[in-house]
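Asks: The structure that follows is given in the form of structure tokens.
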Amino acid sequence: MWTHEHPVRLTASVEIKADPEQVWGVLTDFSAYPQWNPFMTSAEITSDDGRLRPGATMRNQLRQPSGTSTFDPEVLVARPGRELRWLGKLGPGWLVDGEHRFVIERAGPGTVRLTQSESFSGVLVPIAESKLRAETPPQFRAMNEALKKRVENTRH
């Protein structure tokens with residue numbers, strides 16, 4: 001119970017010279033992830049209708065220093081040009097829950113800030129906290145920078 005009230009929150013942001021719709025377009029073009037994304041090397045909607053919407057299920061593959069992992073989150077929020085959020089669970093939901101979030105905000109004329117974050121909770125989180133804090137933010141930053149490069153290079 002304590003870890004659900006005190007989750008481990010990790011965050012990384014990047015400013016991108018683009019409009020929110022351009023960033024959203026790259027972020028949600030899951031089929032292109034293998035071409036540019038060093039962290040989330042594969043992502044797909046697995047729901048029958050194939051639509052990115054609250055309640056949809058996904059299958060995501062992550063590449064981390066400790067190896068590759070696959071998980072099947074449920075989409076919580078899909079607001080085009082603004083926010084994408086999903087919840088992934090390890091085990092029945094009390095072992096480790098990870099609520100992953102991408103927020104796109106205007107930062108100035110022709111610039112947006114993309115913030116990628118995750119809140120981890122569950123009974124295994126205290127055991128894994130140092131590893132999460134060491135491995136996850138660099139992965140977020142690598143993905144954010146790769147997304148920035150892809151968006152800014154495809155604008156021209």
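The values are calculated or read from the model by the stated rules, or taken from the named source; none is laboratory data. On a predicted model such as this, the values are computed, not experimentally measured, just so you know. Note that each Cβ is placed from the backbone with ideal geometry, even for glycine, and that neighbours are counted across all protein chains shown.
Asks: Got a sec? Which of E105, E118 is within 13 Å of the chain's Cα centre (by Cα) and of a type outside the set (A, V, I, L, M)?
Replies: Result: E118 is the single residue among E105, E118 that is within 13 Å of the chain's Cα centre (by Cα) and of a type outside the set (A, V, I, L, M).
Asks: Another question about this same structure. Name the residue that is surrounded by the fewest Cβ atoms within 10 Å (Cβ to Cβ), counting only residues in the range 44-81 that are at pLDDT 95 or above and of a type in the set (A, V, I, L, M).
Replies: By that ranking, first place goes to V77.
Asks: Which of the following residues is modelled with pLDDT of 95 or more, surrounded by 13 or more Cβ atoms within 10 Å (Cβ to Cβ), touching a helix residue (DSSP H, G or I) at 6+ places or on another chain (Cβ under 9 Å) and under 20 Å from T57 (Cβ atoms): L114, L84?
Replies: L84
Asks: In addition: Taking G98 as the residue in question, decide whether it is touching a Phe, Trp or Tyr at 6+ places or on another chain (Cβ under 7 Å), at positive phi and modelled with pLDDT of 90 or more.
Replies: So G98 fails the test.
Asks: Then there is this: Going by the structure shown, is P7 surrounded by 13 or more Cβ atoms within 10 Å (Cβ to Cβ), modelled with pLDDT under 95 and over 13 Å from the mean Cα position of the chain (by Cα)?
Replies: Yes: the conditions hold for P7.
Asks: Quick check, is F120 in a strand (DSSP E or B) and among the aromatic types (F, W, Y)?
Replies: yes
Asks: When the range 116-156 is examined, which residues are found to be acidic (D, E) and under 19 Å from L87 (Cα atoms)?
Replies: E118, E129
Asks: What number of residues within the range 81-125 are touching an Asp or Glu at 6+ places or on another chain (Cβ under 6 Å) and more than 28 Å from E21 (Cα to Cα)?
Replies: Adding up the residues that qualify gives 3.
Asks: Working only within the range 14-27, note down all residues that are more than 13 Å from T154 (Cβ to Cβ) and surrounded by fewer than 16 Cβ atoms within 10 Å (Cβ to Cβ).
Replies: Scanning the range 14-27 gives a single hit, E15.
Asks: Which one of the conditions (1) in a loop (DSSP other than H, G, I, E, B); (2) closer than 18 Å to V14 by Cβ does N153 fail to meet, given that it meets all the rest?
Replies: For N153, the failing item is (1).
Asks: Among strands (runs of 3 or more DSSP E) lying entirely in the range 1-78, which contain 3 or more residues that are under 20 Å from N144 (Cβ atoms), among the aliphatic types (A, V, I, L, M) and touching a residue at least 60 places away in the same chain (Cβ under 8 Å)?
Replies: 8-16
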